[in-house]
Each structure stands twice: as C-alpha cells, then as structure tokens.
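Remarks on the structure that follows.
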Amino acid sequence: QLQACGGGLVQAGGSLRLACAASGIIFSTNVMRWYRQAPGKQRELVAGIAPGDITDYANSVRGRFTISRDNAKNTVYLQQNSLNSDDTAVYYCNSRDLITRAEYWGQGTLVTVSS
C-alpha cells in the first residue's frame, strides 16, 4: 500500500528527499505522515500533511524538513535539509483515511547521517 524510498547515507549538513508512493487508497482523503524510529528509541511523529496541504512538524525538525504531497501521483515527500546525527533513523510513512479511519504503514527507509 505504501512504498517509501529515498533514504541513504549523508554527511551532516546535507539533504535528502524521501518519497512514499501510495496505492490502493483514496489518497485525497488521507492524512499522510512521516514517523521515524532511531535505534533504542520509540517511534516518533516527524511531520504530517492533511488534504488541503495543512502541515504540522515536530519541533525538532521544524524549519529544516518540509512535507508535501502530490495528489496526482499519490505520493508524499519529505525534504530533509541541514541533517544532523539526531536525524539518523528509519523513516516510515503512514496514511490514515479521514472517512474510513483505515490506517497503513510503509516498510521504512533508513536515513544515516554521518558527523
């Protein structure tokens, strides 16, 4: 249902762009979110975007990360700038339908920031 990609190894201060392609859902009625889970830590919400492009960010990434969605491509993106070692984690995309409440998770993509 959700296929994430774009992770990799990047130096501190660098940038990555994650993408998550959705299939089998009505993308336009879904809130799309990115979560991350660092080694030994709980999964945390990074950013979310609702239909109508209303966005929200964790304080730790606000001003550095930008979430966006392309309803024509059923894809959500996470532009990550000024990356630091604290951003090292597996990033998961999540969808939740506003009408049916159906929720799905992608398989995760690993972002590793070297200092």
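The values are calculated or read from the model by the stated rules, or taken from the named source; none is laboratory data. Predicted model only: the values in this text are computed from it and were never measured. All Cβ positions, even for glycine, are placed from backbone atoms using ideal geometry, and neighbour counts span all protein chains on display. For the accessible areas, the whole protein counts, side chains as well, though only heavy atoms, and no ligand, DNA or RNA atoms are used. Shrake-Rupley method; radii C 1.70, N 1.55, O 1.52, S 1.80 Å.
Assorted remarks:
- Convex hull volume per residue for the chain, taking Cα atoms only, in Å³: 90 Å³
- The chain, accessible surface, carbon-and-sulfur percent (1.4 angstrom probe): 48 percent
- For segment 1-50, the per residue solvent-accessible surface stands at 51 Å², with DNA, RNA and ligands left out and a 1.4 Å probe.
- Cut-off 14 Å (backbone N to label point 7 Å along Cα→Cβ of Lys41), residues of segment 1-35: 35
- Largest-first principal axis extents, alpha carbons of segment 1-57, Å: 36, 22, 19
- For Cys20, the shell of other residues with beta-carbons less than 12 Å away shows a net charge of +3, using +1 for Lys and Arg and -1 for Asp and Glu.
- Accessible-area value, Lys41, 1.4 Å probe, nucleic acids and ligands omitted, Å²: 140 Å²
- Subtracting the Cα-Cα distance of Gln1 and Asp70 from their residue separation scaled by 0.36 nm leaves 23.2 nm.
- Rounded to the nearest whole Hz, the Karplus-based 3J(HN,Hα) values (6.51 cos²θ - 1.76 cosθ + 1.60, θ = phi - 60°) of segment 89-98 follow the sequence 4, 8, 9, 10, 9, 9, 10, 9, 6, 5, with x at glycine and proline.
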